[in-house]
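Worksheet for the structure shown next.
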Amino acid sequence: MNNATPEPIVIVGAGQAGGWAAKTLRSERFAGRIVLLGDEAHPPHERPPLSKAVLAGEAAPEATHLFKPEDFAKLDLDCRPGARVAAIDRAARTITLQTGEAIAYGRLILCTGSRARTLGVPGADAPGVRYLRTIDDALALQAQLVAGRHLIVIGGGWIGLEVAATARKRGLDVTVIEALDRLCARALPVEVSEHLLALHMRHGVTVRRGVGVSAIETSGSGITVVLADGHRIAGDQVVVGVGVVPNTELAAAAGLAVDNGIVVDDAGRTTDPAIFAAGDCTNLPLACLDRRVRLESWANAQNQAIVAAKTALGQDVRYDELPWFWSDQYDMNLQMLGYPAHWPESVVRGDPASGSFSRFYLEDGHLSAIVSINAPRDLRAARKLLQARKPVRPEDLVNPAIQLQRL
Ligand SMILES: Cc1cc2nc3c(=O)[nH]c(=O)nc-3n(C[C@H](O)[C@H](O)[C@H](O)COP(=O)(O)OP(=O)(O)OC[C@H]3O[C@@H](n4cnc5c(N)ncnc54)[C@H](O)[C@@H]3O)c2cc1C
């Protein structure tokens with residue numbers, strides 16, 4: 001594609017992926033018109049602080065904005081907050097906004113992300129039942145985090161646990177209800193789930209595992225969560241964090257291949273050569289994992305979008321980064337590199353009792369994943385070992401006398 005083409009590039013979704021796609025188009029010297037359409041009222045922004053510093057009241061919502069106003073102005077985007085795209089006409093190469101306005105594209109980049117999965121039980125649509133995905137959600141929830149109140153968190157995954165930690169910091173009583181028998185079961189191996197459980201219990205959170213929610217009852221005096229085993233938990237506020245659903249409807253209605261995410265190749269191409277996609281909304285192949293995945297991660301949204309934008313400009317690039325994820329809860333920083341389909345045996349470097357250690361997961365003599373708790377240097381040092389699939393000896397990994405960089 002000629003970088004000076006008059007054909008505009010339209011990006012749908014102004015989150016982490018959409019913002020980075022726009023920035024990359026400009027840094028790669030695309031001089032044409034870039035239209036960035038996002039249905040939220042805010043400029044491009046990232047979400048991780050929403051369950052942490054912003055929810056705690058320690059950072060302003062503006063801290064999540066991807067660009068300083070002066071840098072944003074330099075990108076010279078036709079950025080339209082509050083603009084929802086209703087349809088794509090692939091034959092005419094136009095998108096139509098919900099207002100009816102049509103916009104032509106030469107290339108289209110879909111960065112529509114995901115939305116909070118809703119809880120399908122009676123009473124779950126009551127106003128006291130909240131979700132946390134957007135800046136507006138975070139501010140609305142923050143106003144409810146009043147010391148002394150009882151917050152019930154439904155779902156013991158990342159969002160639920162980060163909200164629980166933030167609410168405890170603000171002096172609320174917190175109960176977490178998790179339907180599965182362990183926390184973060186989808187993302188983490190058993191031993192790390194157990195570490196998280198102990199952490200939250202130490203901070204005074206009541207955790208109910210292995211039981212689902214059958215109804216939510218709201219009355220003038222509060223809100224009661226009815227569990228599947230008949231128990232009733234009374235509280236003041238409920239937050240639901242039961243996963244996300246990728247926003248793929250637009251792509252599916254346009255006839256693009258969708259299978260738990262918009263199906264893309266390793267360069268971000270969809271099944272239409274003029275349409276690309278990146279971020280939470282995609283189902284992507286990762287050669288380093290030897291399988292297709294859909295990721296819900298800040299780093300993936302950014303780095304996959306960079307590749308998709310370059311591909312849209314005709315560059316020959318590939319995306320194959322090891323999934324990296326982090327979470328902050330209380331004084332714990334957890335980082336995870338790699339995403340094995342099944343967690344193999346692990347060895348531990350450091351002392352879990354000290355609160356600072358790393359677990360190295362080994363398969364066939366090489367590393368397949370690392371989980372570091374308050375030990376980010378281990379993860380940084382071992383990144384190359386993991387990427388290169390270099391053979392390693394477990395005894396070397398756990399030996400504090402051996403620097404990981406040396407391996
Ligand atoms: C509270 C919270 C905390 C998180 N913490 C971490 C963390 O600690 N570490 C980590 O790695 N990841 C974290 N994540 C995940 C990470 O933020 C996401 O993976 C990332 O935001 C995905 O970026 P995205 O651009 O693909 O999607 P999104 O950020 O969801 O952006 C997509 C945008 O597109 C808009 N959109 C959708 N459809 C349309 C349409 N038809 N027209 C116009 N606009 C549309 C959406 O409204 C949204 O604004 C967190 C997520 C949340 C919600």
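All of the numbers you see were taken from the coordinates with simple rules; none came from a lab. Fair warning: this is a prediction, and the values are worked out from it, not measured in the lab. When we count neighbours, we look across all protein chains shown, and the Cβ atoms used for this are built from the backbone with ideal geometry, even at glycine.
Using the Cβ-Cβ distance between Gln98 and Glu395 with R0 set to 51 Å, the FRET efficiency from 1/(1 + (r/R0)^6) comes to roughly 0.25.
Set the Förster distance to 25 Å, then compute FRET efficiency between Asn374 and Cys288 from the Cβ-Cβ distance, nearest 0.05.
Numbers: r = 26 Å, r/R0 = 1.03.
E between Asn374 and Cys288, to the nearest 0.05, is 0.45.
If you take all other residues with their beta carbon under 14 Å from the beta carbon of Lys384, and give Lys and Arg +1 and Asp and Glu -1, the sum is +4. Derived from the Cα gyration tensor, the three semi-axes of the equivalent ellipsoid of the range 187-275 are 39, 21, 11 Å, largest first.
With a Förster radius of 30 Å applied to the C-beta separation of Thr118 and Lys384, the computed FRET efficiency comes to 0.10. Among Leu37, Leu108, Leu119, the residue with the largest mean-square fluctuation in a Gaussian network model of the chain, with springs joining Cα atoms closer than 10 Å, is Leu119. Near Arg84: Cβ cut-off under 14 Å, other residues only, Lys/Arg at +1 and Asp/Glu at -1. The net charge is -2. Summary of packing: across the peptides 320-327, 214-221, 383-390, 153-160, the per-residue average of other C-beta atoms within 10 Å ranks them, highest first, as 153-160, 320-327, 383-390, 214-221. Here, P(r) means the percent of Cα pairs in each 10 Å bin from 0 to the largest distance; for the range 263-407 it is 12, 37, 29, 17, 5, 0.
Taking 0.36 nm per residue of sequence separation and removing the Cα-Cα distance, the Leu180/Asn333 pair yields an extension gain of 52.7 nm. With a cut-off of 20 Å on the backbone N, the residues of the range 316-352 near the modelled label site 7 Å out from Ile402 along Cα-Cβ are 344-352. With 39 Å as the cut-off, how large is the P(r) tail for the chain, expressed as percent of Cα-Cα pairs? In whole percent, the long-distance tail amounts to 23. Considering only Asn333, Leu322, Leu362, the residue lying farthest towards the positive end of the dipole of the range 290-365 is Leu322, judged by Cα position with unit charges set on Cβ. Using 0.36 nm per residue and subtracting the Cα-Cα separation, the extra length available between Leu227 and Ala198 on full extension is 8.2 nm. Computed over the chain with a Gaussian network model linking Cα atoms closer than 10 Å, the most mobile of Gly100, Gly261, Gly212 is Gly100.
The label-point distance for Glu62 and Thr218, in a model that sets each label 7 Å from Cα toward Cβ, rounds to 3.3 nm.
Other residues with beta-carbon under 10 Å from the beta-carbon of Ala179 carry, at +1 per Lys or Arg and -1 per Asp or Glu, a net charge of 0. The charge dipole of the range 255-407, taken about its Cα centre with unit charges on the Cβ of Lys, Arg, Asp and Glu (plus for the first two, minus for the last two), comes to roughly 420 debye. For Thr271, project a label point 7 Å along Cα to C-beta. Then give me every residue of the range 278-311 with its amide nitrogen under 15 Å of that point. Those under the cut-off are 283-284. Of the residues Met201, Ala215, Gly123, the one whose Cα sits farthest towards the positive end of the charge dipole of the chain is Met201 (charges of +1 on Lys and Arg Cβ, -1 on Asp and Glu Cβ, taken about the Cα centre). Length gain on complete extension for the stretch Ala257 to Ala234, per 0.36 nm per residue less the alpha carbon to alpha carbon distance? Taking Ala257 through Ala234 to full extension adds about 3.8 nm, to one decimal.
For the chain, please report how many Lys pairs fall under 20 Å Cα to Cα, leaving out neighbours fewer than 8 apart on the same chain.
Working: Lys23/Lys68; Lys23/Lys74; Lys23/Lys310; Lys52/Lys169; Lys74/Lys310.
Close lysine pairs found across the chain: 5.
Dipole check for the chain: with +1 at the C-beta of Lys and Arg, -1 at the C-beta of Asp and Glu, and the Cα centre as origin, the magnitude is about 500 Debye.
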